[in-house]
1. Only Cα pairs under 8 Å and at least 6 apart count here; give the relative contact order of region B:27-119 as a rounded whole percent.
2. Would you mind pulling out the separation of the Cα centroids of region A:91-108 and region B:1-66, in Å?
3. Counting every Cα pair in chain A, what percent are over 39 Å apart?
4. Under 25 °C and 0.890 mPa s, how fast does chain B diffuse according to Stokes-Einstein, given a Kirkwood radius computed over C-alpha pairs? Answer in µm²/s, whole number.
5. So what's the angle, to the nearest 10 degrees on a 0 to 90 scale, between helix B:179-196 and the longest Cα principal axis of chain B?
6. Where the centroid of each part is defined by its Cα atoms, how far is region B:182-202 from region A:145-206 in Å?
7. Tell me, A:Ser136, B:Ser57, B:Ser68, A:Ser184 in order of fewest to most beta-carbon neighbours within 10 Å?
8. Divide by every residue of chain A the summed helix terms, -39500 (n - 2.57) for each DSSP H run of at least 4, and state the resulting mean residue ellipticity at 222 nm, rounded to the nearest 500 deg cm²/dmol.
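Where a number appears in this text, it was derived from the coordinates with a stated rule and is not lab data. Since we're looking at a predicted model, the values are computed, not measured. Don't worry about glycine lacking a Cβ; one is built from the backbone with ideal geometry, like all the others, and counts go over all protein chains shown.
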Amino acid sequence: MPSKPQTLQNPIIWFLVSLVILWAAPLFLPTFYVYLITEILIVSLFAVSTNVLLGFTGLLSFGQVAFFGSSAYAVSLLIKGTSLPFAASFFISVGLSALAALIIGLFCMRLRAFYFAILTLAFSQIFFVVAYKWTSLTGGDDGIVGIPKKPFFLFDINGPDAYYHFVLLVVMVSLALLYLIIRSPLGEVLQAIRDNSERTEFLGLQVRNYRLASFVIAGTFGGVAGALFAPFQGIVTPELLHWSHSAEPLMISLLGGMYFFFGPIAGAVIFVFIKEWITGFTEYWMFWYGLLLMLLIMYLPGGIMGFISEHIRRGKDGPK
Amino acid sequence: MSLLEVRTVSKSFGKLQAVSELELSIDEGEVRCIIGANGAGKTTLFNLISGRIQPDSGQVVFAGEEISGMRPPQIVRKGLSRSFQVSNYFPNLSVFQNVRIAVLSRMRKSRIFYWPVSRLRDVNQRVGELLENFNLLSLAEVTADKLSHGDRRKLEISLVVAQEPRMLLLDEPTAGMNSTETESTIRLIKDLVTRLGLTLLLTEHDMKVVFSLADKITFMHYGQVVCEGPPEEIKANQDVKEIYLGGEVC
Ligand SMILES: Nc1ncnc2c1ncn2[C@@H]1O[C@H](COP(=O)(O)OP(=O)(O)OP(=O)(O)O)[C@@H](O)[C@H]1O
Ligand SMILES: [Mg+2]
């Protein structure tokens with residue numbers, strides 16, 4: 001087997017180094033960028049969780065926003081409507097996302113590719129309509145405003161730097177767990193299903209159960225991202241649950257490289273920066289972003305990570 | 001007692017009767033070879049036995065239990081595994097990972113989600129052994145779709161062997177292999193079957209392979225069994241000579 005330097009191979013070292021650097025970031029970055037990185041972290045987690053389905057199980061779901069959005073609503077309602085500590089609200093919301101993913105997954109797993117995608121879309125539309133129309137609970141069109149950042153256990157997370165650190169820790173732990181899952185036997189089976197679901201069945205594995213597990217994993221961590229997002233924005237609106245929002249983590253994954261664990265993170269960095277940059281001078285940032293994405297997908301079909309890894313490989317093997 | 005029984009099974013695709021009221025009975029420990037011209041229905045029969053398609057009528061019984069109607073994973077769990085005529089593997093995974101999926105399933109470790117698969121020593125050791133047996137160890141890190149045709153065929157068979165089934169169904173295992181590859185593969189299969197006392201049902205066009213391996217041969221034509229018997233008998237059979245050995249194929 002090829003031997004690489006041990007330290008470069010060890011993901012735990014990478015994890016710790018990036019954690020330390022990012023932890024120190026507010027020391028030398030203006031608050032505006034602290035906000036931006038907070039958003040990147042949340043979007044990254046949402047995209048990576050979606051990519052467990054897309055890139056690692058081969059399932060196209062248009063409904064991931066249902067878990068992100070419903071968790072954002074749940075945490076907001078619990079924070080504003082009850083005296084529960086924030087940690088409890090947080091974990092209840094994530095648990096609800098997992099449960100919703102399990103129930104919706106049980107329905108959707110019966111169907112094959114195309115119908116699966118449409119059914120997930122339909123489910124997320126139901127969530128949208130509930131948020132939009134159940135005014136007495138959700139505030140309807142106006143949404144829920146003034147969501148405070150209550151302490152998480154004993155930690156004060158009010159203020160941009162403190163909340164950034166909270167998000168950083170939660171996202172890093174979540175990403176570490178997702179990474180472990182992808183590298184686990186279960187993760188390898190998911191990739192086998194992506195490659196050839198029929199052969200997976202002929203090796204004695206019930207594909208449907210594994211797909212369901214993948215759906216619940218994606219929904220749960222999508223829920224974590226949503227629960228982080230609501231206090232960060234301080235407001236949740238039905239727009240959060242709109243199906244077009246589901247396309248975001250999909251496009252980010254494509255942009256970054258969906259066959260790489262870290263692809264969606266690279267995609268999220270670029271997505272958030274471009275959005276920020278283009279909205280600076282035009283309202284139609286989606287148009288320019290769409291155009292850019294089209295070009296990137298046409299000329300970089302493996303995404304950013306695919307491009308990078310191709311070059312590393314070529315460098316190693318020498319020119320062909 | 002017979003391990004596998006196919007009882008008056010029929011299957012048609014539209015107007016085409018691919019398998020018609022076919023009867024087949026295979027004893028435990030037997031090596032049975034099915035021969036027949038292209039389109040005789042051999043692969044369709046395998047598909048019916050392995051649960052890839054369902055028969056229009058009739059039953060398939062394995063180890064005394066009806067398996068027709070079961071889904072493929074269930075049938076595999078009963079100890080009946082198959083390979084495919086057209087190599088059917090995981091193209092974006094490495095050769096090592098391909099075989100590891102089969103081993104994880106066999107060792108019932110495919111649900112573990114909290115531990116890196118690279119750290120499961122018993123699993124990885126077993127994968128290494130299998131690759132060594134199939135002469136694929138030097139290709140362990142290669143992505144499967146980069147393999148040569150012969151190596152793909154070996155990978156295909158290793159996936160079945162990795163499951164340590166009670167009975168193997170191999171659909172033209174050596175199709176397209178060169179003669180050295182064929183020879184080593186057949187030796188491997190032979191050794192495995194005798195050492196573990198496995199039951200083997202295979203289809204094959206290469207008569208040298210057929211006669212060197214089979215205890216008994218079944219000759220199929222237009223979805224039906226024309227005759228059945230030990231190799232010498234089949235070699236001498238007039239029908240087989242006319243339709244197959246002397247005629248359409250050779
Ligand atoms: N899914 C299907 N749909 C329609 N026709 C099919 C299907 N599968 C097989 N057939 C037809 O059934 C007949 C039997 O095919 P089968 O693949 O079983 O033959 P075979 O004996 O395996 O041939 P070969 O030696 O070429 O592999 C053929 O005429 C084939 O075209
Ligand atoms: Mg065939």
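1. Details: 42 pairs, mean separation 14.5, N = 93.
Averaging sequence separation for qualifying contacts and normalising by length gives 16 percent for region B:27-119.
2. Here the answer is 43 Å between Cα centres.
3. 12
4. Rounded, D is 130 µm²/s.
5. For B:179-196 against chain B, the angle is about 90 degrees.
6. Region B:182-202 and region A:145-206 have Cα centres separated by 45 Å.
7. Ranking A:Ser136, B:Ser57, B:Ser68, A:Ser184 by Cβ neighbours within 10 Å, fewest first, gives A:Ser136, B:Ser57, B:Ser68, A:Ser184.
8. Computed ellipticity for chain A at 222 nm equals -24500 deg cm²/dmol.
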